[in-house]
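To start, the structure under review is shown below, and the notes come after it.
The values are calculated or read from the model by the stated rules, or taken from the named source; none is laboratory data. Values in this document were obtained by computation on a predicted structure and should not be read as measured data. FYI the Cβ positions are ideal-geometry reconstructions off the backbone, even for glycines, and counts take in every protein chain you see.
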Amino acid sequence: MLEATGLTKAYRDTVAVRDLTFTAQAGRVTGFLGPNGAGKSTTMRLLLGLDAPTAGTAHIEGRPYRQLTDPLRTVGALLDATWRHPGRSARAHLRWLAATNGLPESRVGEVLRLVGLDQVAGKRAGQFSLGMLQRLGIATALLGDPRVLLFDEPVNGLDPEGVQWVRHLLHGLAAEGRTVFVSSHLLPEMEQTAQDLVVIGRGQLTYQGTMAEFVARAASRGVRVRTPHPQLLRRALTERGVVFTEDPDVFYVSEMDSARIGELAFTAGATLYELSPLAGSLEQAYLELTGQSGEFTGGGAR
């Protein structure tokens, strides 16, 4: 479990994270979203003890990172896929980490096979593509078989097959009872990956809850209506001041649910061929949330 309570980080006159409180539960994939400059990377660094908070606490399984007695077995992280010695092979990189953290060398081969790098384990990391570096970073995070995992943009540089592989990997890790906390700008992919969401803007929490609840916000904002009597329905909607757009014989109605539209059409004498709520999406809900305030425009810390 990850837990932030009143987490604040200020750099002189800039507040990167402000009074941030959230939890990420074991057995779930929690997506971490926010515009550029929202404070996502700063928050992850605070969780991992790489930066000291100005106020508040960040706990991993009930303790600050620096108090963990066996950190690599407790939490694994991928914050920067390019962090590695370019002259070391993938195997040597992982062997060094295993040796310095008291992990069995057999674990090196296991994670290399898991991420699909066993055939290039002897190749220098400096010759790796970005996608291969992402896989090496994931292997590094998994080396200690930790109970908590943090990933910052883990699918950058991966081809579609690799993106799908990461999705299945994260689902599998959560199904084993681990806490999985992942940041990504690829909203359609995040929608297929995360079960819970933490959304921030300018370092402050704007939403925490399930993916389904968040997407439902957007789904409830529109209904598709198809009728052979567009003039009658158009007049009825206009007289009520209802917001809508239309294509030939198809209306997209905002801020009115299906039941009320059906009653209005019946009263107006308009036959309906279709009356269906628009399917929401993470992208739609996210853009609606972040578009509601000037807080999300420019500036701030990433």
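The rows are residues; the columns are (1) closer than 16 Å to Val198 by Cα; (2) assigned by TED's automatic domain parsing to the domain that holds Ala141; (3) in contact with a Leu (Cβ under 8 Å, 6 or more places away or on another chain); (4) β-branched (Val, Ile, Thr).
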{"site": "Thr43", "(1), (2), (3), (4)": "yes, yes, yes, yes"}
{"site": "Thr74", "(1), (2), (3), (4)": "no, yes, yes, yes"}
{"site": "Leu79", "(1), (2), (3), (4)": "no, yes, yes, no"}
{"site": "Thr100", "(1), (2), (3), (4)": "no, yes, no, yes"}
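Of all residues in region 125-138, none satisfies being among the hydroxyl-bearing types (Ser, Thr, Tyr) and either in a helix (DSSP H, G or I) or at pLDDT 95 or above (or both). Checking Pro53 against (1) touching a Lys or Arg at 6+ places or on another chain (Cβ under 9 Å); (2) modelled with pLDDT under 95; (3) not acidic (Asp, Glu), which test does it fail? Only one criterion in (1) touching a Lys or Arg at 6+ places or on another chain (Cβ under 9 Å); (2) modelled with pLDDT under 95; (3) not acidic (Asp, Glu) is unmet by Pro53, namely (2).
The numbered conditions (1) surrounded by 14 or more Cβ atoms within 10 Å (Cβ to Cβ); (2) at pLDDT below 90; (3) not in a strand (DSSP E or B) are all true for Arg234 except (2). Does any residue of region 240-262 turn out to be at pLDDT below 90, under 30 Å from Val166 (Cα atoms), of a type in the set (Val, Ile, Thr) and outside the structural domain of Gly172 (by TED's automatic domain parsing)? No, region 240-262 contains no residue that is at pLDDT below 90, under 30 Å from Val166 (Cα atoms), of a type in the set (Val, Ile, Thr) and outside the structural domain of Gly172 (by TED's automatic domain parsing). In region 263-302, of all residues being modelled with pLDDT under 75 and among the acidic types (Asp, Glu), the one that is farthest from Arg18 (Cα to Cα) corresponds to Glu288.
In region 143-200, which residues are among the polar types (S, T, N, Q) and either closer than 22 Å to Leu287 by Cα or not in a helix (DSSP H, G or I) (or both)? Give the derivation first.
Filtering region 143-200 down to residues among the polar types (S, T, N, Q) leaves 156, 164, 179, 183-184, 192-193, 195.
Matches in region 143-200: Asn156, Thr179, Ser183, Ser184, Gln192, Thr193, Gln195.
The set of residues from region 202-231 being modelled with pLDDT of 90 or more and farther than 26 Å from Val29 by Cβ comprises Val225, Arg226, Thr227, Pro228, His229, Pro230, Gln231. Identification of helices (runs of 4 or more DSSP H) wholly contained in region 1-105 with 2 or more residues that are closer than 22 Å to Leu143 by Cβ and in contact with a helix residue (DSSP H, G or I) (Cβ under 8 Å, 6 or more places away or on another chain) yields 71-74, 90-100.
Any residue in region 135-155 that is surrounded by fewer than 17 Cβ atoms within 10 Å (Cβ to Cβ) and within 16 Å of the chain's Cα centre (by Cα)?
no
Mind checking whether some residue in region 269-286 is in a helix (DSSP H, G or I), of a type in the set (Asp, Glu) and over 13 Å from Gly222 (Cα atoms)? For region 269-286, residues in a helix (DSSP H, G or I), of a type in the set (Asp, Glu) and over 13 Å from Gly222 (Cα atoms): present.
Is it true that some residue in region 52-61 is surrounded by fewer than 15 Cβ atoms within 10 Å (Cβ to Cβ), closer than 26 Å to Gln195 by Cα and not small (Gly, Ala, Ser)? The answer is yes; a qualifying residue exists.
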